Structures are given as C-alpha cells and as structure tokens.
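I have placed the structure first, in the form of structure tokens, so that the comments after it can refer back to it.
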Amino acid sequence: MTIDRLFVSYMGLIGGVTGAVLVAVPAAGDVWFRPYFWVLAAVAVFDVAGLLIRQSRATMAAVSMEAKLLGFAIGIVLMVAIPTLAGSSAR
C-alpha cells in the first residue's frame, strides 16, 4: 500500500469518525474548535508523523499534494454527509 492510499484511507476514517461524533453528540459541533478543524488537525498529525518517520528512515516517500487534497475533501464530505443522512441537526 502506498503512502498516498494510506493517507486517503486515514482521512476517510477521520471523516467517518467525525461525522459519527456529530451524529451522537450534536453539541460537539458548537465548540470553539469547529469540526472541519478536526479534519485539518488530522492532516497535520499525519504530516508530522510522516516527517518524523522520514527523519529516521529516508526511504519513505512524502504524501503527494493530490492525495492531500483528495483525502481532505473525502474527510470533509464524510463529515458533512453522515450527519445529513442521519437526519442530525449538526452543522
């Protein structure tokens, strides 16, 4: 599995979990740190982890920009679609 596919899968998981949290606890979307920043923070966590791994092992490739955009878009779409399809009032 390439690092790009791993990242896109990770972002799908993050988007799904974020959407599920917003369905289970709709008030979680009203905190000062908005849910779309949760997804963005997950991107940053993956990037920092990849950077730390690359410092110790130079053979690992970086995530491509296309994969980052696709993964972020998938995460946001799932974050919005899951509460919408569940009929939740989450934003």
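The values are calculated or read from the model by the stated rules, or taken from the named source; none is laboratory data. Predicted model only: the values in this text are computed from it and were never measured. Every residue, glycine among them, receives a Cβ derived from its backbone with ideal geometry; neighbour counts consider all protein chains shown.
I'd like the full set of residues that are touching a residue at least 24 places away in the same chain (Cβ under 8 Å) and out of contact with any Ser or Thr (no Cβ under 8 Å at 6 or more places or on another chain), limited to the range 31-56. First the steps, then the outcome.
Filtering the range 31-56 for residues touching a residue at least 24 places away in the same chain (Cβ under 8 Å) gives 35-36, 38-40, 42-43, 46, 50.
TYR36, LEU40, ALA42, VAL43, PHE46, GLY50, listed by residue number.
Kindly check whether there is at least one residue in the range 12-34 that is part of a helix (DSSP H, G or I), surrounded by fewer than 18 Cβ atoms within 10 Å (Cβ to Cβ) and hydroxyl-bearing (Ser, Thr, Tyr).
No, because not a single residue in the range 12-34 is part of a helix (DSSP H, G or I), surrounded by fewer than 18 Cβ atoms within 10 Å (Cβ to Cβ) and hydroxyl-bearing (Ser, Thr, Tyr).
Looking only at residues in the range 54-83 that are among the β-branched types (Val, Ile, Thr) and at pLDDT below 90, which one is nearest to the chain's Cα centre (by Cα)?
So in the range 54-83, the residues among the β-branched types (Val, Ile, Thr) come out as 59, 63, 74, 76-77, 80, 82.
Applying the additional criterion that residues be at pLDDT below 90 yields 59, 63.
Values: THR59: 25, VAL63: 14 Å.
Among those residues, the one meeting the criterion is VAL63.
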